[in-house]
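FYI, it's all coordinate maths here, none of it is from the lab. These numbers were taken from a predicted model, which means no experiment stands behind them. With ideal geometry, Cβ positions are generated from the backbone for all residues, glycine too; neighbour counts draw on all protein chains shown.
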Amino acid sequence: MAETPKHFDIVIIGSGPAALTAGIYGARGGATTAVFGGVAPGGQLLQTMEIENFPGFPEPVPGADLMMKMIKQATRLGTVIFSEEIKAVDFGPRPFTLTSDGGRVCTAHSVIVATGAQARWLGLPSEQKFIGKGVSGCATCDGFFYRGKEICVIGGGDSAAEDALFLTKFASKVYLVHRREALRSNFRLQEKLRANPKVEIIYNHVLEEVTGGTHVDGVNLRDVKTGKARRLDLPGVFIAIGHNPSTEVFKGKLNLDDTGYIVTNERMATSVYGVFAAGDVMDTHYKQAIVAAGSGCKAAMEAIQYLETLKK
Ligand SMILES: Cc1cc2nc3c(=O)[nH]c(=O)nc-3n(C[C@H](O)[C@H](O)[C@H](O)COP(=O)(O)OP(=O)(O)OC[C@H]3O[C@@H](n4cnc5c(N)ncnc54)[C@H](O)[C@@H]3O)c2cc1C
């Protein structure tokens, strides 16, 4: 006989700072709360060894340690954490139904989606090898480590231009490497780049290889027009070619914008009443752990208020 679906007041999908903060606020708000966090709960911060900008940690904290503390805090307050991914959701009949990749089916009065986003990578083996050792997908997070050093940014859109300008605060020189002969970023940003003496734009070049030993020592570029190789000796490479929100499961279930992000209002509500979203999955701009945590808090408070409306 099939098992009766387990019911929770709030089910949270995801396991980064947004999901776990929502878990903390949900459980502490008196709601039965579950987090479905995938095989390795913790989210993107598991990929970084040093976080220096999360309040409350005067010394750099490894991402895994920070996330373990959040998991412990949510669990201590009563949140149930499943190391399973949600594969299907039914946001039609209420309560909502969710199915995990482990075959677990559960129902929930309210759902918070906090499935995050993944930085897009070029996919070069040498790039993958040096992630966290000189290759970064986050200028805000890692720019500080390159004070007085030369670095390069790969990309040509608004985020690459913004990252390059931001990084001039720290780096002695920023090479912006773009594969085409014109940037795609907006005109204002292009003007700022050209006016900044620390920025050199290298057009028509692609990144072929990141080199180094334990840490990056440079990049090999190739001119796409002439085929000529160019070498830059530097310790930092920022890949700024955008992010992919993890919203595959929600296509056709929630309103997504053109780039796949979940659309919410300022109170984290999605297009389905009772379903909220928080963190990088709905944040096209900030993509920081503390912002994700803050939005997870807001989503849980809104979910609890929503649960109250069901009692009336
Ligand atoms: C290398 C690196 C370094 C960074 N450094 C910093 C830093 O120093 N400071 C800072 O503030 N920010 C930093 N960031 C950014 C920060 O990690 C993100 O802004 C933050 O983690 C976003 O949190 P989130 O909760 O929205 O989602 P995420 O952290 O993206 O977590 C989402 C989780 O949900 C899971 N998931 C996805 N789909 C499903 C599903 N269907 N079912 C179940 N689970 C699912 C994913 O596997 C993932 O574990 C860094 C990011 C990277 C990649």
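Structure above, values below:
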item	result
Linear extension gain, residue 57 paired with residue 228, 0.36 nm per residue minus alpha-carbon span	56.9 nm
Pairs from 69/298; 149/225; 69/287; 72/129; 192/251 whose Cα-Cα separation, in the structure shown, is over 27 Å	149/225; 72/129; 192/251
Cysteines not pairable in the chain (beta carbon separation under 4.7 Å absent)	106, 152, 297
Length-normalised contact order for the stretch 121-239 - Cα pairs under 8 Å, 6+ apart - percent	30
Sites residue 305 and residue 188, calculated FRET efficiency, Cβ-Cβ separation with R0 45 Å, nearest 0.05	0.65
24 Å Cα-Cα reach of residue 228 towards lysines, excluding residues that sit fewer than 8 places from it in its own chain	173
Between 0 and 90°, nearest 10: helix 158-167 axis offset from the chain longest Cα axis	70
Cβ-based charge dipole, the chain, positive-most Cα from 13, 185, 234	185
Within the stretch 124-152: backbone nitrogen closer than 15 Å to the residue 217 label point (7 Å, Cα to C-beta)	134
Those aspartates and glutamates that a straight Cα-Cα span of less than 18 Å connects to residue 311, excepting residues fewer than 8 apart in one chain	9, 302
The chain, helix-only ellipticity at 222 nm - DSSP H runs n ≥ 4, -39,500 (n - 2.57), divided by all residues, nearest 500	-7500 deg cm²/dmol
For the chain: relative contact order, % (alpha-carbon pairs under 8 angstrom, 6 or more apart)	21
Principal-axis tilt of helix 17-28 within the chain, Cα atoms, nearest 10 degrees	20
Acute angle (nearest 10 degrees) that the helix 63-76 long axis makes with the longest principal axis of the chain, alpha-carbon atoms	10
Protection proxy ranking of 15-21, 160-166 - average other beta-carbon atoms within 10 Å, highest first	15-21, 160-166
Estimated FRET transfer efficiency when R0 is 51 angstrom, pair residue 166-residue 77 (beta carbons, to 0.05)	0.90
